[in-house]
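Engineer: First the structure, which I've put down as structure tokens, then a few questions once you've had a look.
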Amino acid sequence: MAFKDSDKGLAAMKEELESLSNNNTWVLVNLPSDRKAIGNRWIFKVKQIADGTIQHFKARLAVKGYSQNCGVDFSVTFSLVVRWDTIRTVLSIAAARKLKLGQFVVKTAFLYGDLSEDIYMI
């Protein structure tokens, strides 16, 4: 385990699995004979605030996408991220109208995307 405090790492893993489950990110199925299952691994991170104090422990379950073959396991790659001109536009409008801006974090934002292909993971 990457954390000194393995109990906090296990709690972070449990939180991640609960998020994945609550968002219905998978369905248990038998692997079709013509498909290959993709492995996974845990990514751990300790989030700190500016003074170095630990804010929280984070764990993400990541699929080993590098083991896929283009044209066989997938046909297109895409990562949904905001474009810089969108950010600049929002900031320009806020500045022109003297609006206050805030921010927030969507911890599971990536879970809301739709996949066009079936992914089989072990």
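Engineer: Determine whether D34 is among the acidic types (D, E) and either under 27 Å from S6 (Cα atoms) or at pLDDT below 75 (or both).
Structural biologist: No, not satisfied.
Engineer: How many residues, within the range 9-47, are charged (D, E, K, R), surrounded by 11 or more Cβ atoms within 10 Å (Cβ to Cβ) and within 11 Å of Y120 (Cβ to Cβ)?
Structural biologist: Residues flagged as charged (D, E, K, R), surrounded by 11 or more Cβ atoms within 10 Å (Cβ to Cβ) and within 11 Å of Y120 (Cβ to Cβ) within the range 9-47 amount to 2.
Engineer: Would you please name the residue that is farthest from the chain's Cα centre (by Cα), looking only at residues in the range 31-65 that are closer than 16 Å to E117 by Cα and not charged (D, E, K, R)?
Structural biologist: Filtering first and then ranking leaves P32.
Engineer: Looking at the range 38-75, which of its residues are farther than 24 Å from A11 by Cβ, of a type in the set (A, V, I, L, M, F, W, C) and at pLDDT below 85?
Structural biologist: If the condition is that a residue be farther than 24 Å from A11 by Cβ, of a type in the set (A, V, I, L, M, F, W, C) and at pLDDT below 85, then C70, V72, F74 are the ones that fit.
Engineer: Of all residues in the range 1-20, how many are modelled with pLDDT under 90 and within 19 Å of the chain's Cα centre (by Cα)?
Structural biologist: Of the residues in the range 1-20, the ones modelled with pLDDT under 90 are 1-9, 19-20.
Retained after the next criterion (residues that are within 19 Å of the chain's Cα centre (by Cα)): 2, 9, 19-20.
Number of matching residues: 4.
The values are calculated or read from the model by the stated rules, or taken from the named source; none is laboratory data. These numbers were taken from a predicted model, which means no experiment stands behind them. Heads up, the Cβs are rebuilt from the backbone with ideal geometry, glycines too, and the neighbour counts pull from every protein chain shown.
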